[in-house]
Ligand SMILES: [Zn+2]
C-alpha cells in the first residue's frame, strides 16, 4: 500500500496504517502530506467510518521506510480516543511490540463519555 503511493516526487506517503473492525474487516490508509495533511491512522479510520463501520478493535501504523511500527501522534491519539477509546493500538516500545488500550495513550484525556 505504501509503495503504491510513493514516487518520491509528488506522492510521498511514507506511513501506512491498518484498522481491524469488529465486523472482521481491515481498513488501510496512508498519510497524506499537505499543509494540514492527515496521518495514516486518520485515513483508515475515515475510510472505515465512510463504509458505515462503528466498532473498532485494533489499529497499527507502520513506517514504510524501515517497516517499524510507530506510535500515533498526539493528534491521532485524540482522534482514537474519540472513536475507539476501548480499542487497542499496537506500539513499539524498545523494539518490542505491545498492544495497549487506546484510552491509556492519553491519561486524563477529554472525551464526552468520560
Ligand atoms: Zn497522527
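Sorting 105, 86, 45 from the fewest to the most surrounding beta carbons within 10 angstrom yields 86, 105, 45. Considering every alpha-carbon pair of the chain, the percent of pairs per 10 Å bin, from zero through the bin containing the longest distance, is 15, 46, 33, 6, 0. Approximating the spin labels as points 7 Å out from Cα along Cα→Cβ, the residue 73-to-residue 4 distance works out to 2.4 nm.
Bear in mind that the values in this text are calculations on the coordinates, not laboratory data. Model, not experiment: these values are computed from the prediction. Every residue, glycine among them, receives a Cβ derived from its backbone with ideal geometry; neighbour counts consider all protein chains shown.
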